[in-house]
1. Scan GLU196, GLU160 and give me the residue that is surrounded by fewer than 19 Cβ atoms within 10 Å (Cβ to Cβ), assigned by TED's automatic domain parsing to the domain that holds GLY13 and over 18 Å from GLU102 (Cα atoms).
2. Restricting to segment 199-237, what's the tally of residues that are surrounded by 19 or more Cβ atoms within 10 Å (Cβ to Cβ), out of contact with any helix residue (DSSP H, G or I) (no Cβ under 7 Å at 6 or more places or on another chain) and modelled with pLDDT of 85 or more?
3. Pairs please, first residue from segment 265-293 and in a loop (DSSP other than H, G, I, E, B) and of a type in the set (Ser, Thr, Tyr), second anywhere and surrounded by 10 or more Cβ atoms within 10 Å (Cβ to Cβ) and at pLDDT 75 or above, Cβ atoms under 6 Å, 6+ apart in sequence or on different chains.
4. Collect the residues in segment 47-77 that are free of Cβ contacts under 8 Å to residues at least 40 places away in the same chain, within 15 Å of the chain's Cα centre (by Cα) and under 18 Å from PRO11 (Cα atoms), keeping them in residue-number order.
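The values are calculated or read from the model by the stated rules, or taken from the named source; none is laboratory data. This structure is a prediction, so every number in the text was calculated from the model and none was measured. Cβ atoms come from the backbone with ideal geometry, glycine included; neighbour counts cover every protein chain shown.
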Amino acid sequence: MIAYQKLCLGPEGNNDCAMCSVKNEQKTCTLTELIHQVNALADPENLELCGGESTLHKDLLSLISSARGRGAKRIKLVTMGRRLADWDLLTELIDEGCRLFEVRIHGSRPETHEAITGDHGSFDQTVQGLQNLSTLSNSAEYEGAIYVAARVGVTRANLEDLVPTIALLASLGVDRIILARTASDLPTTKAARAVENAMRVAALNRIWSVCEGFPPCLMKGSEMHVAELLRPVLSETQKPKGCRGCTYIDLCNGPPEDVIAQGGLREFRAVSSSPYVEDVRRLLTMRSLHAEP
């Protein structure tokens, strides 16, 4: 699993997402400040550019060019994808050296997506951006050089729309799908089942998918897709008492912090045994030896 060094370009966005975690927290960094941050990194090989909306930064192309000149081999752009509908901008980004894209999308239709983004017309632009990426990725000039991940934030508003969303993303040719729990008021067991169904549809379309915010005790049979199993693990004493004795105790961080804070632990149960534990351990060993794109 590649570890990316994150650079937050600033809080500016082109949606009005209530769930945005940076819009009220950070100022927009200048090109000089961002280059200084890149230079300060011990290893700038893998960079993730995020925001707000990363594509709105006026010096984005110059930053990518500068980072490439300072040794960045992989530059991932995290975006809502709306400005990727601009063919000229997208080709400039790719030609400058940005070949990895993580596009956020919240539904299979405007009503669902825009209920979360808060901006009419955002769905069509995001889908067009993904379509442009697919077209370029399949072209003779860029074939095999572009990698596209789609991040779907799982909320009450789109829970029933997850499977159609996966079907849409499959038609757009994405390489990977992340289903991330982004609301603390979700009915966790029901949401986990919806996520499992969505990941099965992804598998049928030969797309690798992972989930975030759903511990393995909720994802029985789908443990190989739990992103938390690939992250640093808290000590046993830092986890709820209900996690003690779980077969995943040394691999899992337990229920999400916001669930713990609200006392909503009834749906989480320690797993006494699982046929997937050793498979997960082997996967971790393999990923520590071979970084994935």
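1. Values: GLU196 fails: surrounded by fewer than 19 Cβ atoms within 10 Å (Cβ to Cβ).
Checking each option against the conditions leaves just GLU160.
2. 2
3. SER273/THR247; SER274/THR247; TYR276/GLU223
4. LEU77, the sole residue that qualifies.
Per-residue answers, yes or no, for (1) closer than 22 Å to HIS113 by Cα; (2) buried (at least 17 other Cβ atoms within 10 Å of the Cβ); (3) touching a Gly at 6+ places or on another chain (Cβ under 7 Å); (4) not assigned by TED's automatic domain parsing to the domain that holds HIS36:
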site	(1), (2), (3), (4)
LEU60	no, yes, no, no
ILE64	no, yes, yes, no
ARG68	no, no, yes, no
ILE75	no, yes, yes, no
ALA85	yes, yes, yes, no
GLU92	no, no, no, no
ARG99	no, yes, no, no
